[in-house]
There are 2 protein chains.
Amino acid sequence: MKKVKIYSPATIANLVCGFDILGMALNHPQDEMELILSDEPGIRIKHTDGYNLPAAVEKNVAGAALLAFLDEYEEKIGFDLTINKIIKPGSGLGSSAASSAGAVVAANHLLNNFFSREDLVRFAMNGEKLASGVKHADNIAPCIYGGVTLIRSIFPLDLVSLTAPPLYVTIIHPQIEVKTSDARQILRKEVQLRDAVKQWGNIAGLVTGLLKSDYDLISRSLEDVIVEPIRSILIPGFDQVKKQSKEAGALGGGISGSGPSVFMLSKEETISNNIEQLMKDIYNKIGMEYHTHVTTINYEGVKIIG
Amino acid sequence: MKKVKIYSPATIANLVCGFDILGMALNHPQDEMELILSDEPGIRIKHTDGYNLPAAVEKNVAGAALLAFLDEYEEKIGFDLTINKIIKPGSGLGSSAASSAGAVVAANHLLNNFFSREDLVRFAMNGEKLASGVKHADNIAPCIYGGVTLIRSIFPLDLVSLTAPPLYVTIIHPQIEVKTSDARQILRKEVQLRDAVKQWGNIAGLVTGLLKSDYDLISRSLEDVIVEPIRSILIPGFDQVKKQSKEAGALGGGISGSGPSVFMLSKEETISNNIEQLMKDIYNKIGMEYHTHVTTINYEGVKIIG
C-alpha cells in the first residue's frame, strides 16, 4: 500500500497590481493531507477538520482535481484522500487551491511523477472552477511551484517562476464573508486606458524589483489603481490597515485574492510583527473578530513529507 | 571655447505591450550634434540637414529642452547648437527625442555633469511636449540611459534600466505621415479589463524575459492586444509584415512609437536581414516608398565623441 503525506501552503493571489497574473506561496498556514494509492477504482475523501466541507468527490475541490488527473492517467487506479484543512475556507488565502494542488502533487508523487508540473496545474484548476466558477491559476501555480509565480497567460497556460528576495508577510483575516463571485461581479468590465497604463507600469516595476531584489522598487510598485479601490470597500478597516502599515515601514500590500484577508509585505521581521499588532488594534477598535499570521515566502510549494 | 560633439540614437517607444512605459535605444540611425558653451547668454540653433526644422529656440525641440536646462542652472551662460539630423522626423523612431536628449546631455557634459541623468530626462521632456503636446519619456529615457528603459511612472518620474540580451532590430519606415496626435486620438479612452489583464501578463512576461535573457519568453510576450489592433490600421502592409516576419523567425515586433515605422526583433542577424528583404518585397508590391534599417540595441545612449 503506497501512501504519502504532504503539506500544502496558503497562497496570495492578485498580488497588488498583479490582478489575475501574480501569486505568492506562504510558509504558514499549510494544509495537511494524506493520500493512499488503491487498487479499488474511484476516489474516497475524508476530512478530519471541522469545516464541514463536502466529502462527495464531484463537490470537493480536491476531488475535482483528482478526477481530472485520473481522466488522463492510463491505468485504472483509485485514491483514498484524508484532508486536515488548516487554511480557513473563504479566507482569501487559497484554501481551495491548497486542497486541489496538494491532492494532485501527492497523486503524482505516488505515480513516480508521471505528469509534468504544468499538467498538475491544469488538473488542479478544475478544483478552482468548482470553487469559484472560473479556472484561474494564480493560487494553484504558486502553491505547486512555490515562490512568486507569473501566469503570463491562462489560455494557453504559460507559467513563469520569478525569483524573489526574502519578504515577511503579515496577514489579517477579518471574520467576514466575501464571496469570490461577488468580488468579481463588482469589478467594472471596462477600465480607463490611463489607469491600465499605470497598472502595467507598476507590474513591470514589481516584477523587475522582485527579480533584482530591489526592495525600494518593489515598494514603489506595490500600487493597484484598478481593483483595490473597488474591492476594498467590502473590507472594513482596509484603508486604516494600509495607511498605518505603511507608516510602520511596510513595503506595501493589499487584498489577498478576493479578500477578506489583507496582507502587508515587509523587509524586516520586527516591522512585520509591529504591523500584526497594529492590525489587531484596528480590528479590536472596530469590534470585529479576526485571525492574524506573520510568515515568509514559501519557495518550495507543496511539500512531500513521507 | 568649450565644445562637444555627440551622437544621439534613434529609439523605439511603446515596445509592443509596453505602451507608454517601455523604450529601447538603437545603434542606428543616430543624429550628430555639436554644442558650444558661450559667454553670450541665449541659445542659437543651426541645422545642417535638409529637413527644414524651425531654428527659433522656442519652436525647436532641442531649444525647448535647453531652455528648461538653463532655467535651473545658476549662472548666465549661452549655447550654440548645430544639429545634423539623420533620424527622419515623423518616422516614429524618436527623432525629436534624439534632438532634445542629445542637446541636454551635451550641455551637461560641458558643465561637468552638474545635473543628474533624471534631471536631463525632465528637461528633455519639454522638447517632447513641444513636438507632441504631451510630456512622455519612453523615447527620452532610453535615448539618455541606453538599452531598454522602463518608465514605471511619469509623475513622479521613476525610471528603471533593464538589462536585455543581444537583439537584432529590423525596421521599415513607410513614407507616409502618421501624426502622433492623430495616433493618440484614435485610441479608445476605456479598455476591457479582460484585455488589460492580458496586456499586463505580457508586459510582466516581456520584462522577465529581458532580465533573464529568455528569448522564448520574450517572443511569447511580444503581443499587444490594446493599442496595435487600433493603430495598425493607419499603416498599410502592417499585418503582412508582421505575419511574414514571424514566419521568417522574428521573435515579434510591432509599431515603433506611434508609427509609421514598424520593427521586428530577432535573435540572429541572418533572420533580421531576411526580414528586411521581405519587408522591402511587401512595400514594393504595395508601391509605397520606404526606408529600412537593420540594427541592434544601443546600450550606452547619447555618446560623447569629442
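Every number in this text was worked out from the coordinates using simple rules, so none of it is lab data. Not measured: the values here are computed from a predicted model. Cβ sites come from the backbone with ideal geometry, for glycine too, and all protein chains shown count toward neighbours.
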key: Per-residue mean of C-beta atoms belonging to partner chains within 10 Å, peptide B:152-162   = 4
query = Of B:Lys3/B:Lys85; B:Lys243/B:Lys303; B:Lys85/B:Lys303; B:Lys88/B:Lys303; B:Lys129/B:Lys189; A:Lys59/B:Lys198, which sit over 26 Å apart, Cα to Cα?
reply = B:Lys243/B:Lys303; A:Lys59/B:Lys198
7 Å along Cα→Cβ, label-point gaps from B:Asp239 to other copies, nm, shortest first = 4.8
key: Point-charge dipole on Cβ atoms (K/R +1, D/E -1) for the range A:162-306, about Cα centre, debye to 20   = 320 debye
message = Sort A:226-238, B:116-128, A:44-56 by the packing proxy (mean of other Cβ within 10 Å over each peptide's residues), most packed first.
response = B:116-128, A:226-238, A:44-56
query = Taking the Cα-to-Cβ direction at A:Ile230 and at A:Asp71 and moving 7 Å from each Cα, how far apart do the two end points lie in nm?
reply = 3.0 nm
key: Neighbourhood charge, 10 Å Cβ-Cβ cut-off, centred on A:Arg220 and excluding it, Lys, Arg +1 and Asp, Glu -1   = -3
query = So what's the back-of-envelope 222 nm ellipticity for chain A, counting only DSSP H runs of four-plus at -39500 (n - 2.57) apiece and dividing by all residues, rounded to 500?
reply = -11500 deg cm²/dmol
request  = For A:Gly287, go 7 angstrom from Cα along the Cα-to-Cβ vector, then report the distances to that same point in the other copies in nm, smallest first.
outcome  = 8.1
query = What are the label-to-label distances in nm, one decimal and shortest first, from A:Leu187 to the same spot in the other copies, with labels 7 Å along Cα to Cβ?
reply = 2.1
note = Other residues with Cβ under 12 Å from the Cβ of B:Gly18 give, with Lys and Arg +1 and Asp and Glu -1, a net charge of -4
message = Using only the alpha-carbon atoms of chain B as identical scatterers, what base-10 log of I(q)/I(0) does the Debye formula give at q = 0.08, 0.14, 0.15 Å⁻¹?
response = -0.33, -1.00, -1.13
query = Normalised by the residues of the range B:168-296, what does the relative contact order come to in percent, with Cα pairs under 8 Å and at least six apart?
reply = 41 percent
Kirkwood hydrodynamic radius over Cα pairs of the range A:168-296, then Stokes diffusion coefficient at 10 °C and 1.306 mPa s, in µm²/s = 104 µm²/s
task = Please identify the helices of chain B, taking whole runs of DSSP H, that span at least 20 Å along their own axis as judged from the Cα atoms and have a mean Kyte-Doolittle score of 0.5 or higher.
result = B:95-110
ask   = From Cα coordinates alone, what are the radius of gyration and Dmax values for the range A:20-76 in angstrom?
value = 14.0, 39
query = Order of A:72-78, B:109-115 by packing, highest average Cβ count within 10 Å first?
reply = B:109-115, A:72-78
note = the range B:213-278 and the range B:109-175 have their Cα centres apart by a whole-number Å value of 22 Å
ask   = When Cβ neighbours within 10 Å are restricted to other protein chains, what is their mean count per residue of peptide A:205-211?
value = 6
note = Here the equivalent ellipsoid of the protein assembly as shown, derived from its Cα gyration tensor, has semi-axes (largest first, whole Å) of 51, 28, 19
inquiry  = Suppose R0 equals 35 Å. What FRET efficiency, 1/(1 + (r/R0)^6) with r the Cβ-Cβ distance, do A:Ser213 and B:Asp119 give to the nearest 0.05?
reply    = 0.80
message = Starting from 0.36 nm per residue, how many nanometres of slack lie between A:Glu177 and A:Thr296 once their C-alpha separation is accounted for?
response = 40.3 nm
task = Could you rank the peptides A:29-40, A:286-297, A:129-140 by their average count of other C-beta atoms within 10 Å per residue, with the highest value first?
result = A:129-140, A:29-40, A:286-297
